[in-house]
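The values are calculated or read from the model by the stated rules, or taken from the named source; none is laboratory data. Not measured: the values here are computed from a predicted model. Backbone-built Cβ (ideal geometry, glycine too); neighbour counts: all protein chains shown.
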Amino acid sequence: MAYAQSPAQRLEAKTDTVSARIYFRCASSVLDTAFRGNGQSLSRLRQALTTADSTRIEAVTVSAAASPEGKAGFNRRLSDARAKAAADAVVKLTGVSPEMLRIISEGEDWDGLRERVNTYNSTNYPPQLRPDSVGLTANAPAAGLFDAAGLAERKAQLRSVGNKALRDYIRRTVLPDLRVSDIEVIFSRFVPSLPEPDSIIPAPEPEFVPAPERLNPRLSRSPRLSCCRPTLSFRLRLPLSRRNSPDDRPFSCWSQPTWPATFWPFRT
């Protein structure tokens, strides 16, 4: 059986999240779209928010951080500037009001550094870097690495960790991943909701209309005459006077059957 939707169809809001990560150069807060795929990340963010016709942005969170090398005060101001640069890009990209943005400046990202270094093992580092010199052995993370209570102790440990080759590797590979700004947008899309079973109205069955009866063309014609019918014609002669009559009768009447030429049934 076919079903038809109710005329009062409701729209259901489906919540989704799209995110993007923006990378910054060392000691810089300039958002360079040509650096590490920043332009592609912003394009994907814009495409996700403009694909649907009915999209409503619910919340936007922008966070930024700085790598922990260098002076702490400078890194704090650098983190604030990166968060502002990313927030301005989001406003320009999506047209959302700045009051809807939630901006978080994390400062120096020691947690990110600790997570990345402690999860590395001997297979992540080149063999010549000797990761076991700082306790980074396979399947055994370094205990207490960058966990000092004081900021000065953590800075000193970062400057003296491992050997020079390992410190250079961390500087080139690990620290650039901490100079970032993360953008998270929560938005809603309105799609037609499925009707409830009680709201499903069965579509009316199509009315049966019989096909018109076709007449046999042979039966619709007039039957032909099977024989010819003769026509009788009468001629009446009246005498002008009695003496003009060949006999003594006052008048004479005679009849002669005639056949129409087209219906004459016999050939002569």
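Data for the structure
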quantity: Pairs with Cβ under 6 Å, 6+ apart, first in the range 187-212 and more than 21 Å from T15 (Cβ to Cβ) and exposed (fewer than 10 other Cβ atoms within 10 Å of the Cβ), second polar (S, T, N, Q) and at pLDDT 75 or above; calculated: none
quantity: Hey, L129 at pLDDT below 95, surrounded by 19 or more Cβ atoms within 10 Å (Cβ to Cβ) and among the aliphatic types (A, V, I, L, M) or not; calculated: yes
quantity: Unique residue being at pLDDT 95 or above, more than 23 Å from E115 (Cβ to Cβ), touching a Ser or Thr at 6+ places or on another chain (Cβ under 6 Å) and of a type in the set (A, V, I, L, M, F, W, C) when the list is A64, A81; calculated: A81
quantity: Search result, residues across the range 1-57 that are modelled with pLDDT under 75 and of a type in the set (S, T, N, Q); calculated: Q5, S6, Q9, T51, S54
quantity: Hey, A20 in contact with a Lys or Arg (Cβ under 9 Å, 6 or more places away or on another chain), under 23 Å from G95 (Cα atoms), in contact (Cβ under 8 Å) with a residue 40 or more places away in the chain and surrounded by 13 or more Cβ atoms within 10 Å (Cβ to Cβ) or not; calculated: yes
quantity: In the range 71-119, residue surrounded by the most Cβ atoms within 10 Å (Cβ to Cβ) [restricted to those that are under 32 Å from the mean Cα position of the chain (by Cα) and β-branched (V, I, T)]; calculated: V90
